[in-house]
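Here the structure is laid out as structure tokens; the discussion comes afterwards.
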Amino acid sequence: MAGEGEEWIVVFESTHAALAAERAARRAGVPVRMSPVPRRISTDCNTGMRVPREHRHGLELVLRGANVECRFVPLDPETRH
Amino acid sequence: MNIVYLDHAATSRTKPECVYRAMDRFMREIGASPGRSAHAPGLAAGRVVADTRRAAAALFGVADPARVVFTLNCTQALNLALRGLARPGSDVVTTSVEHNSVMRPLTALARERGLNLVFAAADEEGMTRPGELAKRLTGRTSLIVMTHASNVTGAIQPIDEWGHLARERGVPFLVDAAQTAGCLPIDLSRLPVDLLAFSGHKGLLGPQGTGGLFIREGFDPEPLMHGGTGSASSEIAQPAWLPDRYESGTPNTPGLAGLGAAIGFLLERGVASVRERVCAVGEALAAGLAGLPRVRLYGPRGMDANVGIFAFTVDGADPAEVASALETRHGIMTRVGLQCAPCAHRAMGTFPSGTIRAGIGYGTTMADAETLVNALRVL
Ligand SMILES: Cc1ncc(COP(=O)(O)O)c(C=O)c1O
């Protein structure tokens, strides 16, 4: 089991935004993994993006550069699976 | 007998090979609903739609792909824009050469919302001059809508000038690009057009059941349909952001896969280079038709003013009989009648029997043009 904040999930308004973010992240070489968003984090867009803690800040910069609206949420051990 | 397909203005028939492959691949290998589930095929389907949106945005010079929303055809896009923007009791200015996909929604809106419809007249070639617009704008005008090219005569309309006038007067400007998207270069980073409706299945070379609407930032039409979008699922109100606001329900993803491949093909070839070929065939066809004494041509002949549509009648012959003979004796497919644009024919004096329309496009050859001219010569 990983500790708190080992992995973060990025949540978006829409799939359009999620996929634009994925593309920007891949282009920038940030290791992300698309995944469903746990219900207790958001019931908005189903599609979120997981990122290891050490890449979180880099990803924030990339997504800001790509003009993607999003929210970063730490995944605690109970939500991880 | 070989088929000579001259009905590109209705829909393009032979598509680039990559279109068939993209649709087949989507159906067999992806097959999931886009934007709904975060499993692998669901994400792959979402990427297909996003790729097509990005390609369409690139083709039209749109910086933010989210401003391009997909519809089932150009008609749906036009209904969305017209219903979404026409203010009750206001004036809507349009032209006398519009297709029924503009005329009928406007007619219905005139009844439902008390709109006053104002028509700018076209000249004998089917062109609507900007002066015709200027004198019809009033303080009550809530929307200007016009086709980019007439589907009856092929006449390319001066949307640039109309758009500048609309901007000066602060009136939203909607363009029906059914006949021009993919056929003429359209650069929305430069053109003063606020909303642009297009078909995916004509000049863009995609499959039927595809189309879309560009909505410039600052314009917020009411959605035509409300429903599930895969986003904001806890809310029962329609999302406010694009493209979700206007894309409720499962889209035509196989069609969008094909459309994406088609636009990719056009981006690679360049619309201008596809156009160059069409122009060469068009000039030859116009010259050939002009040399036939019984054939009467309507609309602009020069390809600088014509998107690739040749409307004609044959002296002393019913257009339907001519079209039928062209098909049965020569394998030539044309479109006969009013082409869903009765007002354009009234203005041209060809109502109600209409014209024979030869619409050329991607893949039309010089030999096709010759076949038509020779067939008419021996008719
Ligand atoms: C000028 C014009 N507008 C709109 C349309 C409607 O396009 P669609 O068949 O994609 O709805 C057409 C073609 O049918 C057309 O020629």
### Summary
The ³J(HN,Hα) series, computed from each phi in segment B:227-240 with the Karplus coefficients 6.51, -1.76 and 1.60 at θ = phi - 60°, rounded to the nearest Hz and given as x for glycine or proline, is x, x, 10, x, 10, 6, 5, 7, 9, 9, 8, 4, x, 8
### Query
Which three semi-axes in whole Å describe the equivalent ellipsoid of segment B:17-269, each the square root of 5 times a Cα gyration tensor eigenvalue, listed largest first?
32, 21, 14
### Task
Roll a 1.4 angstrom probe over the protein heavy atoms and tell me the percent of accessible area of segment B:61-101 that is carbon or sulfur.
56 percent
### Task
Could you please state, rounded to a whole Å, how far the C-alpha centre of segment B:277-353 is from the C-alpha centre of segment B:28-84?
35 Å
### Message
Tell me the total accessible area that A and B bury against each other, 1.4 angstrom probe, in square angstrom rounded to 100.
### Response
1400 Å²
### List of segment A:5-25 residues, accessible area with partners at least 10 Å² below that of the chain alone (1.4 Å probe)
A:13, A:14, A:15, A:16, A:19, A:22, A:23
### Query
Summing -39500 (n - 2.57) over the DSSP H runs of n ≥ 4 in chain B and dividing by its residue number, what mean residue ellipticity at 222 nm do you reach, to the nearest 500 deg cm²/dmol?
-11500 deg cm²/dmol
### Query
Name the residues of segment A:44-65 whose accessible area falls by at least 30 Å² when all protein chains are present instead of the chain alone, probe 1.4 Å?
A:44, A:46, A:47
### Percent RCO, i.e. relative contact order, over segment B:17-269, from Cα pairs under 8 Å lying at least 6 residues apart
28 percent
### Message
Among B:355-366, B:62-73, B:19-30, how do they line up by average Cβ neighbours within 10 Å per residue, starting with the highest?
### Response
B:355-366, B:62-73, B:19-30
## Note on the structure
In degrees, nearest 10, the alpha-carbon axis of helix B:366-377 is tilted away from the dominant principal axis of the alpha carbons of chain B by 50 degrees
#### Entry: In Hz, Karplus ³J(HN,Hα) per residue of segment B:274-290 (6.51, -1.76, 1.60; θ = phi - 60°; x = Gly, Pro)
4, 4, 4, 5, 4, 5, 4, 5, x, 4, 5, 5, 4, 5, x, 5, 5
### Message
From the protein chains alone at 1.4 Å, what is the descending order of accessible area for B:162, B:241, largest first?
### Response
B:241, B:162
#### Entry: Total charge dipole magnitude, the protein assembly as shown, about the Cα centre, Cβ charges on Lys, Arg, Asp, Glu only, Debye to nearest 20
240 debye
### Helix axis angle, A:56-65 relative to chain A longest principal axis, alpha carbon, degrees
30 degrees
### Query
Roughly speaking, to the nearest percent, how much of segment B:239-379's 1.4 Å accessible area is carbon and sulfur?
52 percent
### Rg(Cα) / (2.2 N^0.38 Å) computed for segment B:1-158, rounded to two decimals
1.33
### Task
Go ahead and run the numbers for FRET between residue A:33 and residue B:113, Cβ-Cβ distance against an R0 of 51 Å, rounding to 0.05.
0.55
#### Entry: Solvent-accessible area per residue for chain B (1.4 angstrom probe, square angstrom)
40 Å²
### Task
At 0.36 nm per residue, minus the direct Cα-Cα distance, what do residue B:317 and residue B:216 gain on full extension? Give it in nm, one decimal, please.
31.6 nm
### Query
Is the shape of the protein assembly as shown rounded, prolate or oblate, going by the alpha carbon gyration tensor and its root eigenvalues a ≥ b ≥ c, with a/c under 1.5 for rounded and a/b larger than b/c for prolate?
prolate
### Query
For chain A, what is the calculated [θ] at 222 nm in deg cm²/dmol (nearest 500), taking -39500 (n - 2.57) for each run of four or more DSSP H residues and dividing by its residue count?
-8500 deg cm²/dmol
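The values are calculated or read from the model by the stated rules, or taken from the named source; none is laboratory data. Because the structure is predicted, anything quoted here is derived from the model rather than measured. Positions of Cβ are generated from backbone atoms using ideal geometry, with glycine treated the same way; all protein chains shown enter the neighbour counts. Accessible surface areas use protein heavy atoms only, side chains included; no ligands, DNA or RNA. Shrake-Rupley method; radii C 1.70, N 1.55, O 1.52, S 1.80 Å.
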